[in-house]
Amino acid sequence: MPHRLPMIILGLVLLCCGQAFGRDNAPGRAADVAPAEPVVLLVDWHADLLSEIVISPVLQADGRRLAYISTWQILNPERIGSDDEERDWQVIHLGTAFKDEHGNLHIDARGSSLAGPMAQQWLPDSFRIHESGQVAVLDDAEQAATGRVRSVQREGVRDFLGLRFHLMRAQMRWRGVL
């Protein structure tokens, strides 16, 4: 029994964290069945990280959309989500966005180039985002994390300029202008 205890504990942890994903539904690794909608997502994950994911309105030839993933470290985690939250920009990378057969949004960033102050120490992060707001993250070294969607800004009549602003800012950051 003692030799089985660590496996039982690991299984429970994975199940409770929503990380019990196999190859078919791992972040960025599922089969794409539909294009993602253009949105801006703020995702809190790994206790002190915040990623802004900007999904372009332009549909690529493969049916996916380009996604810009900018990540900050939260310097005062006790203030996450508050007006005085302090952030330190770490990295930006690209991915492709699509929906799987269950309606989950995936951002596949495997093998993506990175830019930003921590680009040499970072690995691209792929995301799976459930309708409930639960987020699973998997980097290129297969290290997993979980998180939650903080906010969503969808493209619509009211948000058209907001989405374009976020997209332009992400593109400028990617090109090293910001």
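Only one of the listed residues (Asp108, Asp100) is surrounded by fewer than 19 Cβ atoms within 10 Å (Cβ to Cβ) and among the charged types (D, E, K, R). That residue is Asp100.
Inside the stretch 111-138, residues that are surrounded by 18 or more Cβ atoms within 10 Å (Cβ to Cβ) and assigned to a strand (DSSP E or B) make up a count of 10.
The rows are residues; the columns are (1) out of contact with any Leu (no Cβ under 8 Å at 6 or more places or on another chain); (2) within 16 Å of Pro38 (Cα to Cα); (3) among the hydrophobic types (A, V, I, L, M, F, W, C).
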site	(1), (2), (3)
Leu94	no, yes, yes
His106	yes, yes, no
Ala136	yes, no, yes
Leu163	yes, yes, yes
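In this structure, is Phe98 without any contact (Cβ under 8 Å) to a residue 12 or more places away in the chain and not in a loop (DSSP other than H, G, I, E, B)? Quick ask: steps written out before the conclusion?
Values: without any contact (Cβ under 8 Å) to a residue 12 or more places away in the chain: no; not in a loop (DSSP other than H, G, I, E, B): yes.
Spelling it out, it is not the case that Phe98 is without any contact (Cβ under 8 Å) to a residue 12 or more places away in the chain and not in a loop (DSSP other than H, G, I, E, B).
If I filter the stretch 75-95 for residues that are in a loop (DSSP other than H, G, I, E, B), in contact with a Lys or Arg (Cβ under 7 Å, 6 or more places away or on another chain), under 22 Å from Ser132 (Cβ atoms) and at pLDDT below 95, do I get at least one hit? Within the stretch 75-95, one or more residues are in a loop (DSSP other than H, G, I, E, B), in contact with a Lys or Arg (Cβ under 7 Å, 6 or more places away or on another chain), under 22 Å from Ser132 (Cβ atoms) and at pLDDT below 95. May I ask you to list the residues in the stretch 118-137 that are in contact with an Asp or Glu (Cβ under 7 Å, 6 or more places away or on another chain) and either among the aliphatic types (A, V, I, L, M) or closer than 21 Å to Gly103 by Cα (or both)? If the condition is that a residue be in contact with an Asp or Glu (Cβ under 7 Å, 6 or more places away or on another chain) and either among the aliphatic types (A, V, I, L, M) or closer than 21 Å to Gly103 by Cα (or both), then Leu123, Asp125, Ser126, Val137 are the ones that fit.
The values are calculated or read from the model by the stated rules, or taken from the named source; none is laboratory data. Quick caveat, the model's predicted, so the values are computed rather than measured. Neighbour counts run over all protein chains shown; Cβ positions are idealised from the backbone, glycine included.
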